[in-house]
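Here is the structure we will look at.
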Amino acid sequence: MFEQLSQRLQGVMDGLRGRGRLTEENIADALRQVRMALLEADVALPVVKAFIDGVRSKAVGLEVDRSLTPGQAFIRLIHAELVAIMGEGARALDLRVQPPAVILLAGLQGAGKTTTAGKLAGWLREHERKRVMLASTDVYRPAAILQLERLAQQLGVGFAPAATHRTPVELARDALIEARRSVSDVLIVDTAGRLHVDAQMMQEVRDVAAAVQPIETLFVVDSMAGQDAVNAARAFGEALDLTGIILTKADGDARGGAALSVRHVTGRPILFVGTGEKIDALEAFDPQRIASRVLGMGDVLSLVADVTRKVDRVQAEKLARKLQKGRDFDLTDLHDQLGQIQQLGGLGALIDKLPSRMFGKALSGAAPDDREVRRQVAIIRSMTPSERRYPKTIDGSRKRRIAAGSGVQVADVNRLLKSFLQMQKMMKSMSGKGGMSRLMRGLGGRMPPGGPFGQN
């Protein structure tokens with residue numbers, strides 16, 4: 001997400017490198033480039049105008065701190081204005097009601113409401129420790145109810161039984177009764193996708209909302225819809241008392257226009273962002289962190305939170321003790337580390353949260369993609385325990401067997417073994433005294449001088 005916009009804005013910052021001060025002339029030139037970048041990212045025109053006016057009013061006559069260059073000072077202004085456009089501060093879900101707290105999801109067809117309902121249930125169970133029940137009122141899409149029921153089973157949360165001969169309003173009322181009976185903390189009600197120009201369907205979702213009195217009514221919108229997302233959000237906001245927005249498919253949107261526009265246009269906060277297909281690929285929306293990602297500063301806080309929550313500490317400590325004792329890093333260890341990367345959402349999600357002006361660019365050019373990671377895992381799993389422990393014993397015939405067992409070419413096996421040997425040497429150098437210092441010296445120019453805004 002924001003890939004195109006991020007590249008353009010970093011280009012603006014590079015253009016200000018070496019300037020002695022911010023003048024009206026170079027500010028005007030930079031803002032012209034920023035305006036074009038925002039329009040190309042499909043940001044709504046009123047939002048672009050408000051953004052540019054806000055930056056210009058603060059930039060002209062700005063006293064630049066001596067510790068910052070003009071480019072860094074300007075990018076700090078852009079960061080602050082991005083945060084202001086997307087919404088100051090991050091609001092949590094309001095669940096302060098007599099249980100069950102009802103969350104109603106509404107949106108256009110194909111926006112991903114059913115999958116989002118499952119993701120939100122998993123998020124509430126894991127982060128808020130809530131007893132959640134899922135309910136579907138979509139009687140128009142045959143597989144919708146079954147899809148949600150299977151998601152509930154996969155997540156280990158409750159599901160309100162539903163029959164397609166019942167009306168959506170009746171299903172919503174039945175689900176509320178079932179949630180009370182089962183002492184659920186939260187009831188998430190999924191509704192059928194509808195076009196905002198369909199008056200009858202819009203009345204139906206209003207009737208469902210009236211039947212269950214939701215504490216949160218969330219508009220689920222496809223971030224790749226661009227301007228259509230903004231128009232739909234405005235229409236749904238007029239029909240329902242929306243309290244927040246969930247952006248879906250953000251991982252497939254290189255522009256990011258919807259994220260920058262929808263909150264400003266509707267006045268409703270973005271609460272969550274869907275970042276992938278996996279059931280746990282849902283993040284609480286934080287304008288500060290999103291703005292940092294747009295400007296190539298990464299999102300190290302989210303990365304740390306993911307690592308803390310998903311990485312197996314016991315396994316990590318076991319590997320650390322093994323290396324400290326001077327024992328070799330083997331292919332079983334590599335397999336475990338690749339599994340940890342997959343737990344974090346893959347290399348793409350990991351690199352996206354690293355500052356591009358620090359490690360992000362270096363890694364994105366050198367690291368294998370997620371398909372390569374899966375291929376490497378398959379190759380290692382085709383080896384015997386002895387081969388994983390002693391990879392030097394893997395001769396030509398063993399390579400052919402391993403390649404056949406993992407569905408790859410012998411060249412892929414050779415590539416993995418070559419990469420592994422390089423990694424093994426690096427691990428051995430790190431395990432000795434002063435190993436980390438040697439590693440940092442080896443990285444050389446990849447380490448930028450000072451501050452979250454990188455070198456300028």
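The values are calculated or read from the model by the stated rules, or taken from the named source; none is laboratory data. The model shown is predicted, which means the values in this text are computed figures rather than measured ones. Reconstructed Cβ throughout: ideal geometry from the backbone, glycine too, with neighbour counts over all protein chains shown.
Condition (residue is outside any helix (DSSP H, G or I) and either modelled with pLDDT of 90 or more or of a type outside the set (A, V, I, L, M, F, W, C) (or both)) applied to segment 115-125: is it met by at least one residue?
Taking segment 115-125 as the starting set, the residues that turn out to be outside any helix (DSSP H, G or I) are none.
Among the residues of segment 115-125, not one is outside any helix (DSSP H, G or I) and either modelled with pLDDT of 90 or more or of a type outside the set (A, V, I, L, M, F, W, C) (or both), which makes the answer no.
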A careful count of residues in segment 237-268 that are at pLDDT 75 or above, of a type outside the set (Val, Ile, Thr) and closer than 18 Å to Ala117 by Cα gives 4
Checked segment 273-290 for anything touching a helix residue (DSSP H, G or I) at 6+ places or on another chain (Cβ under 7 Å) and of a type in the set (Lys, Arg); matches are Arg289
The helices (runs of 4 or more DSSP H) lying entirely within segment 393-456 that contain at least 2 residues which are modelled with pLDDT of 90 or more are 396-406, 410-431
Going through segment 30-55 in order, the residues found to be at pLDDT below 80 and either assigned by TED's automatic domain parsing to the domain that holds Arg268 or not hydrophobic (A, V, I, L, M, F, W, C) (or both) are Glu40, Asp42
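This table checks each residue for (1) outside the structural domain of Ala229 (by TED's automatic domain parsing); (2) charged (D, E, K, R); (3) without any contact (Cβ under 8 Å) to a residue 60 or more places away in the chain.
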| site | (1), (2), (3) |
| --- | --- |
| Thr116 | no, no, no |
| Asp138 | no, yes, yes |
| Gln153 | no, no, yes |
| Asp174 | no, yes, yes |
Per the filter on segment 151-175, residues within 31 Å of the chain's Cα centre (by Cα) and either of a type in the set (Ser, Thr, Tyr) or surrounded by 13 or more Cβ atoms within 10 Å (Cβ to Cβ) (or both) are Leu151, Ala152, Leu155, Val157, Gly158, Phe159, Ala160, Ala172, Ala175
Of the residues in segment 226-236 that are out of contact with any strand residue (DSSP E or B) (no Cβ under 6 Å at 6 or more places or on another chain) and within 22 Å of Thr114 (Cβ to Cβ), the one that is surrounded by the fewest Cβ atoms within 10 Å (Cβ to Cβ) is Asp228
If we keep only residues of segment 208-238 that are over 22 Å from Arg91 (Cβ atoms) and among the hydrophobic types (A, V, I, L, M, F, W, C), then the residue nearest to the chain's Cα centre (by Cα) is Met224
Exception for Ala179 within (1) touching a residue at least 40 places away in the same chain (Cβ under 8 Å); (2) surrounded by fewer than 19 Cβ atoms within 10 Å (Cβ to Cβ); (3) of a type in the set (A, V, I, L, M, F, W, C) falls at (2)
